[in-house]
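Engineer: I am attaching a structure below and will ask some questions about it afterwards.
Here, each number is a calculation from the coordinates, and none is a lab measurement. All values derive from a computational prediction rather than experimental measurement. Glycine also receives a Cβ, built like all others from the backbone with ideal geometry; neighbour counts cover every protein chain displayed.
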Amino acid sequence: MTLPVVLPAEPLLSIEDYLRTGGGVGLRVAREYGPDATIDEVTAAGLTGRGGGGFSTGAKWRSIRDAGGGRRYVVANGAEGEPATFKDRMLMRRDPFRIVEGAAIAALAIGADDVYLATKASFTVEAANLRHATEELGRLGFLDGLDVTVVGGPDEYLFGEEKALLEVIEGREPLPRQLPPWQHGLFATVAIGWESGTPRAGEEPTSNPTLVNNVETLAAATHILERGAEWFRSMGTVDSPGTVLVTVVGDVVRPGVHEVEMGTPFSDVLARCGGPLPGRAFKAAFSGVSNAVLLAADFDVALTQRDLVARDSGLGAAGFVVYDDRRSMLAVAREFSRFLSVESCGQCPPCKRGSLSITEVLVDIDSGRGSDADLGRLNSLLRSVTDANRCYLGTEEQIVVSSILRAFPEDIAAGIEGVGPASSRIMIPLIHDLLDDGTVVYDERHQYKRPDWTYDS
Ligand SMILES: Cc1cc2nc3c(=O)[nH]c(=O)nc-3n(C[C@H](O)[C@H](O)[C@H](O)COP(=O)(O)O)c2cc1C
Ligand code: SF4
């Protein structure tokens, strides 16, 4: 199969270019099929979500279509706040029409009249592309019967978490609500504690099951409707068909975004990035801040969720930061923990207070003020940081930091003894921009962000 499939080599930013490359066909096919057969096709293709969870897209569409009462909504998640990922922005820059078309296909499948395309307000180019694609597709009648709105959200990491995303669309802060979108969707009026809206007089309260899909997932769905499930299954593995957009940053010669078939060895992608820097050897990698460390000895792993889980890690949004043998994993743990503790919203005290305390202990150890007793304290904090959590962020803290403590005890011991390699400066790999020549511009501002989401000047 000739790649690329989902990420075109050149941007397709005019409706003419879009139609010339098969644009509009997927939606036409979906209209011919109708909702049931459209969901069947996506299910048969074996597409799984590319936003991090890896859930079956067909199963998700069907369960939302069949869920409880009220309206249905589609939300395209283009928030892309996960450190070390840039693929969604690359896709919104190169093929925004395919995302809008995929959202329209999903709306047809689940019976929604309203679509929200959510991205960060600071992603000005990407938001403009989505608006332009919506206007053009609307002008040509592709979106008849659909109300499509582009929403610009805040820079907070939680904006991309689906329960927080719905809050932002409704005009509030990105604080995850209690129940998931399929149980408490957009503008729901069903009574759930203090979160319920108010039904209009004479109206039944509704839960409005809402579909949230990552923008890459929706673009892939468009291709599937255009070319068929069999075509999609001709790529990737039996369990994980299709392609995946992989971001690689950190200690490689040429960072970048590469589209590869699912199941491609991670080492092949690293080779396309030019391998390690001259004279250096890889030490470890992380897929965002959501999964356990992947050791260099495991870099031959096939890129599927199942294969990565078998190596005690996970695929996440397939955004990897790679570190070489100069790096202290203690410093990585400190920075990842600091990021998560700052971004935690504080609705669940064990998550906010626990992750802040974990960061403090790691800072102490890293600056030579630690002792063996700190290890016990760390383990106890890591056990409780997930208690009563509304969202997965506290679990990310537990998974990432625990995995580093387990895999690199010598880096932690060196910190406690004050004899280790002076921990190299590590910055959270939040990507501000990734240029075609492989230059990565990191978001330096995050180091000045305080736990209450204000900034040191
Ligand atoms: C803290 C946190 C941040 C997240 N950020 C994003 C994001 O920026 N983009 C995204 O697509 N999914 C993000 N997710 C996952 C979403 O909650 C959701 O699972 C995903 O959008 C579903 O789409 P998919 O089924 O197509 O993967 C995040 C999850 C968590 C816990
Ligand atoms: S788990 Fe953490 S980030 Fe998620 S809602 Fe609770 S406090 Fe906020």
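Engineer: What are the residues whose amide H is under 5 Å from the amide H of D114, where those residues sit 5 or more places off or on another chain and H is modelled from the backbone?
Structural biologist: When sequence neighbours closer than 5 places are left aside, the close amide H contacts are V74, D147.
Engineer: If you don't mind, there's one more thing I want to ask. Could you give me the ³J(HN,Hα) list for the range 204-215, computed from phi with Karplus coefficients 6.51, -1.76, 1.60 and θ = phi - 60°, whole Hz, x at Gly and Pro?
Structural biologist: Per residue, the Karplus-derived 3J(HN,Hα) values read 6, x, 10, 9, 6, x, 10, 8, 10, 10, 5, 5 Hz.
Engineer: Go through A331, V441, C391 and say which Cα lies farthest out towards the positive end of the charge dipole of the range 329-448; charges sit on Cβ, +1 for Lys and Arg, -1 for Asp and Glu.
Structural biologist: Of the listed residues, the answer is C391.
Engineer: Efficiency by 1/(1 + (r/R0)^6): what FRET value for L140 and D436, r their Cβ-Cβ distance, R0 = 35 Å, to the nearest 0.05?
Structural biologist: Details: r = 31 Å, r/R0 = 0.87.
The calculated FRET efficiency here is 0.70.
Engineer: Further, regarding this structure: Using only the alpha-carbon atoms, how far is helix 96-110 inclined from the longest principal axis of the chain? Give it as 0 to 90 degrees, nearest 10.
Structural biologist: With both axes taken from Cα atoms, the answer is about 70 degrees.
Engineer: Tell me which residues come under 5 Å, amide H to amide H, from G263 once H is placed; ignore anything under 5 positions away on its chain.
Structural biologist: Result for G263 returns L303, T304.
Engineer: Give the value in nm², to one decimal: projected area of the alpha carbon convex hull of the range 329-448, averaged over all directions. If you can, show how the numbers build up before the last one.
Structural biologist: Working: hull surface 32.3 nm².
The directionally averaged projection comes out at 8.1 nm².
Engineer: Using 10 Å bins from zero, what percent of all Cα-Cα pairs in the range 243-324 falls into each bin?
Structural biologist: 21, 60, 19, 0
Engineer: Which of Y455, Y33 has the fewest other C-beta atoms within 10 Å, and how do the rest follow up to the most?
Structural biologist: Going from least to most buried by this count: Y455, Y33.
Engineer: First measure r as the distance between the Cβ atoms of A37 and D268, then evaluate 1/(1 + (r/R0)^6) with R0 = 41 Å and state the FRET efficiency to the nearest 0.05. Provide the component values of the computation, followed by the final result.
Structural biologist: On the way: r = 36 Å, r/R0 = 0.88.
So the FRET efficiency works out to roughly 0.70.
Engineer: Calculate the spin-label point distance for D66 paired with E10, positioning each point 7 Å from the Cα along the beta-carbon direction, and give it in nanometres.
Structural biologist: The two pseudo-label positions are separated by 4.6 nm.
Engineer: Another question, if that's okay. Binning at 20 Å from 0, report for the chain what percent of all alpha-carbon pair distances ends up in each bin.
Structural biologist: Here the calculated profile for the chain is 25, 57, 18, 1.
Engineer: What is the spin-label model distance, in nm, from A59 to T454 if the labels are put 7 Å beyond Cα along the C-beta direction?
Structural biologist: Label-label distance for A59 and T454, simple model: 4.6 nm.
Engineer: Right, another one. For a quick check: with amide H placed at 1.01 Å from N, whose amide H comes under 5 Å from D324's, ignoring anything fewer than 5 positions away on the same chain?
Structural biologist: Long-range HN contacts for D324: D251, K283.
Engineer: Rounded if a/c is under 1.5, else prolate if a/b beats b/c, else oblate: with a ≥ b ≥ c from the C-alpha gyration tensor eigenvalues square-rooted, which is the range 284-365? It would help to have the intermediate numbers written out before the result.
Structural biologist: On the way: a/c = 2.84, a/b = 1.56, b/c = 1.82.
Taking the square roots of the gyration eigenvalues as a ≥ b ≥ c, the range 284-365 is oblate.
Engineer: Rounded, prolate or oblate for the range 195-345? Axes are the square roots of the Cα gyration tensor eigenvalues, ordered a ≥ b ≥ c, and the cut-off for rounded is a/c under 1.5. Don't jump to the answer; show the numbers that get you there.
Structural biologist: Numbers: a/c = 2.81, a/b = 1.42, b/c = 1.98.
Oblate, since a/c reaches 1.5 and b/c is not below a/b.
Engineer: While we're on this one: For the range 6-20, just list the computed ³J(HN,Hα) in residue order, Karplus coefficients 6.51, -1.76 and 1.60, θ = phi - 60°, integers in Hz, with x standing in for Gly and Pro.
Structural biologist: 8, 10, x, 5, 10, x, 10, 10, 10, 4, 5, 4, 5, 5, 5
Engineer: How many nm is it between the label spots at E203 and Q178, if each spot is 7 Å from the Cα in line with the beta carbon?
Structural biologist: 2.1
Engineer: Still on this model: More than 17 angstrom separation, counting every C-alpha pair in the range 47-101; what % is that? Walk me through the numbers before you get to the answer.
Structural biologist: Details: 750 of 1485 pairs.
Tail of the P(r) past 17 Å holds 51 percent of the pairs.
Engineer: Continuing with the same structure: For each of H432, H258, count neighbouring Cβ atoms within 10 Å of the residue's Cβ, then give the residues from fewest to most. Intermediate values should be presented prior to the final figure.
Structural biologist: On the way: H432 13, H258 21.
Least crowded to most crowded, the residues run H432, H258.
Engineer: Still on this structure: Between D300 and S122, what length in nm is gained on full extension when 0.36 nm per residue of separation is reduced by their alpha carbon distance?
Structural biologist: Details: separation 178, 0.36 × 178 = 64.08 nm, distance 3.64 nm.
In short, 60.4 nm is gained.
Engineer: Roughly what angle does helix 373-384 make with the longest principal axis of the chain, taking Cα atoms, 0 to 90 degrees, to the nearest 10?
Structural biologist: Helix 373-384 sits at roughly 20 degrees to that axis.
Engineer: Separate question: Show me, bin by bin at 5 Å from 0, the whole-percent P(r) of the range 80-221 based on Cα pairs.
Structural biologist: The calculated distribution, bin by bin, is 2, 10, 18, 22, 20, 15, 8, 4, 1, 0.
Engineer: At a Förster radius of 22 Å, what calculated FRET efficiency corresponds to the Cβ-Cβ distance of A413 and R383, to the nearest 0.05? Walk me through the numbers before you get to the answer.
Structural biologist: Values: r = 21 Å, r/R0 = 0.96.
That gives a FRET efficiency of 0.55.
Engineer: Moving to a separate point now. Let a ≥ b ≥ c be the square roots of the eigenvalues of the Cα gyration tensor of the range 260-410; is it rounded (a/c under 1.5), or, if not, prolate (a/b larger than b/c) or oblate? Spell out each step's value before the answer.
Structural biologist: Values: a/c = 2.35, a/b = 1.48, b/c = 1.59.
Judged from the Cα gyration tensor, the range 260-410 comes out oblate (a/c at least 1.5, b/c at or above a/b).
Engineer: May I ask you to derive the relative contact order of the chain, considering only C-alpha pairs under 8 Å and at least 6 residues apart, and to give it as an integer percent?
Structural biologist: Working: 960 pairs, mean separation 73.5, N = 457.
Relative contact order, the chain: 16 percent.
Engineer: Straight-line reach from K60: which lysines have a Cα under 28 Å away, not including same-chain ones fewer than 8 places off?
Structural biologist: Leaving aside lysines fewer than 8 places away in the same chain, those within reach of K60 are K87, K120, K163.
Engineer: Percent relative contact order of the range 222-351, based on C-alpha pairs within less than 8 angstrom and at least six residues apart? Intermediate values should be presented prior to the final figure.
Structural biologist: Numbers: 204 pairs, mean separation 28.5, N = 130.
Across the range 222-351, relative contact order equals 22 percent.
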